[in-house]
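S.K.: Pasting a structure here, questions to come.
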Amino acid sequence: MFSRLTSTRRPAKPLQKSERTLQVGERLLPLTVREHAQATRITLRIEPGGRALRLTIPRGLKMREVDAFLARHDEWLRMKLSKFSSDEGVQPGASIDLRGAAHRIVHTGSLRGLTEASVENGTPVIRVSGLEDHLGRRLEAFLKKQARIDLEARVSVHAAAVGKPVRSISMKDTRSRWGSCSSDGNLSFSWRIVMAPPVVIDYLAAHEVAHLKEMNHGPRFWALCLSLCPRMEEARRWLKLHGSQLHAIDFG
């Protein structure tokens, strides 16, 4: 006769997730608090662009301990968030970078016409036509087009160097990564990179093309990446210091 073994242990409760807002100085930011089964301490992350916060906590941690942690780190958060302007929306007269150079946004007032970069009285500008309510959308479309021009050109150079074909190139507005490469040769980039200096744009193209040969981040990948972009470390430092600021710009 067979007997069936049963456990009296209760099934584990599902991991908890909560969402709230947190006041940091004059900012009111969305805060996501998520339990993680392997977490042994509280981890606080500022999302790209400084527009939201994410907190990872050990399972079963009391909310009062979460609140105490946030209170202790209030000054740290204020310091980190200070590099993000509280008003990053685009508007006439404001400045926005194109290929690392500041350009003043000029609304032409004309309902028709192309969005284009030019120089007026020695000052780089981006002239945007159409309704003012559509300025952000038209400026975003212009930057996407410029990003595609730059990235397609650099990808072509680097792909020829490694002897690998590229199937497609797409522009996206991803916040978790600047680019990606699939095993069948599809490359994807964040169009916001066009606001960075040319060396950073070149590095991003080289990085994703290098993945066509090395689908990893091992020593051979980094060696290949460096051979394609000798100023790789300079570009990586720039992205680490300034990349989040590109995500903070709101095009409406």
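S.K.: May I ask you to list the trypsin sites (Lys or Arg not before Pro) in the range 62-123 that are in a DSSP loop and have at most 13 other Cβ atoms within 10 Å of their Cβ?
M.R.: Listed in order of number, the matching sites are LYS62, LYS83, ARG112.
S.K.: On a C-alpha basis, how far is the centre of the range 26-48 from the centre of the range 173-252 in Å? Whole number, if you could?
M.R.: Centre-to-centre (Cα) distance: 26 Å.
S.K.: Now for a separate question. Using a simple spin-label model with points 7 Å from Cα along the Cα→Cβ vector, what separation in nm is obtained for ARG72 and GLN91?
M.R.: In this crude spin-label approximation the distance works out to 4.0 nm.
S.K.: Another question about this same structure. Plugging the Kirkwood radius over Cα pairs into Stokes-Einstein for the range 45-182, at a temperature of 25 °C and a viscosity of 0.890 mPa s, what D comes out in µm²/s?
M.R.: It comes out at roughly 129 µm²/s.
S.K.: Here's a follow-up. Counting only the backbone N, which residues of the range 139-165 are under 20 Å from the spot 7 Å out from the Cα of LEU111 toward its beta-carbon?
M.R.: So the set is 139.
S.K.: Same structure, new question: Test of understanding: in a Gaussian network model of the chain with alpha carbons linked when under 10 Å, which of ILE105, ILE96, ILE149 would top the mean-square fluctuation ranking?
M.R.: Of ILE105, ILE96, ILE149, the most mobile in the Gaussian network model is ILE149.
S.K.: Dipole of the range 17-81 (Lys/Arg Cβ +1, Asp/Glu Cβ -1, origin at the Cα centre): which of LEU61, MET79, GLN23 lies farthest to the positive side?
M.R.: LEU61
S.K.: Percent relative contact order of the chain, based on C-alpha pairs within less than 8 angstrom and at least six residues apart?
M.R.: Answer for the chain is 16 percent.
S.K.: Could I ask something else about it? So if the hydrodynamic radius of the range 17-81 is defined as the Kirkwood radius over C-alpha pairs, what does Stokes-Einstein give as its diffusion coefficient at 4 °C and 1.567 mPa s, in µm² per second?
M.R.: 108 µm²/s
S.K.: Where the eigenvalues come from the Cα gyration tensor of the range 118-169, what are the semi-axes √(5λ) of the equivalent ellipsoid, largest first, in whole Å? Write out the running numbers ahead of the final one.
M.R.: Working: eigenvalues 208, 48, 4 Å².
Semi-axes (√(5λ), whole Å): 32, 15, 5.
S.K.: Then there is this: Roughly how compact is the chain, stated as its Cα Rg over 2.2 N^0.38 Å to two decimals?
M.R.: 1.29
S.K.: Further question on the same structure: Where nothing but the Cβ of Lys and Arg (+1) and of Asp and Glu (-1) is charged, how large is the charge dipole of the range 17-81 around its Cα centre, in debye to the nearest 20?
M.R.: So the magnitude is around 180 debye.
S.K.: Related question: Rounded to the nearest 0.05, what FRET efficiency do LEU44 and ALA101 give with R0 = 30 Å and r taken as the Cβ-Cβ distance? Could you check?
M.R.: 0.30
S.K.: Explain nothing, just the number: dipole magnitude of the chain about its Cα centre with +1 on each Lys and Arg Cβ and -1 on each Asp and Glu Cβ, in debye rounded to the nearest 20.
M.R.: Numbers: 41 positive and 26 negative charges, 265 e Å.
Computed about the Cα centre, the dipole is about 1280 debye.
S.K.: Over 20 Å between C-alpha atoms is what I'm after, so list which of LYS83/LYS145; LYS144/LYS240; LYS144/LYS172 land there.
M.R.: LYS83/LYS145; LYS144/LYS240
S.K.: Still on this model: Under a 5 Å amide H to amide H cut-off, with H placed in plane at 1.01 Å, what residues pair with GLY185 once short-range neighbours are removed?
M.R.: Residues meeting the criterion, in which the H sits 1.01 Å from N, do not exist here.
S.K.: Moving on. Can you tell me the 0 to 90 degree angle between the C-alpha axis of helix 232-247 and the longest principal axis of the chain, rounded to 10?
M.R.: 80 degrees
S.K.: Here's another thing I want to ask about it. Rg and Dmax of the range 135-247 over Cα atoms: what are they, in angstrom?
M.R.: Gyration radius and largest Cα-Cα distance of the range 135-247: 13.4, 45 Å.
S.K.: Work out the charge dipole of the range 135-247 with +1 on the Cβ of Lys and Arg and -1 on the Cβ of Asp and Glu about the Cα centre, then indicate which of VAL162, VAL209, ALA141 is farthest towards its positive end.
M.R.: Final value for the positive-end residue is ALA141.
S.K.: Of all DSSP beta bridges in the range 158-252, what percent run antiparallel (nearest 5)?
M.R.: Once the DSSP bridges in the range 158-252 are tallied, antiparallel ones form about 40 percent.
Bear in mind these aren't lab numbers, they're just calculated from the coordinates by the rules spelled out. Since we're looking at a predicted model, the values are computed, not measured. Cβ sites come from the backbone with ideal geometry, for glycine too, and all protein chains shown count toward neighbours.
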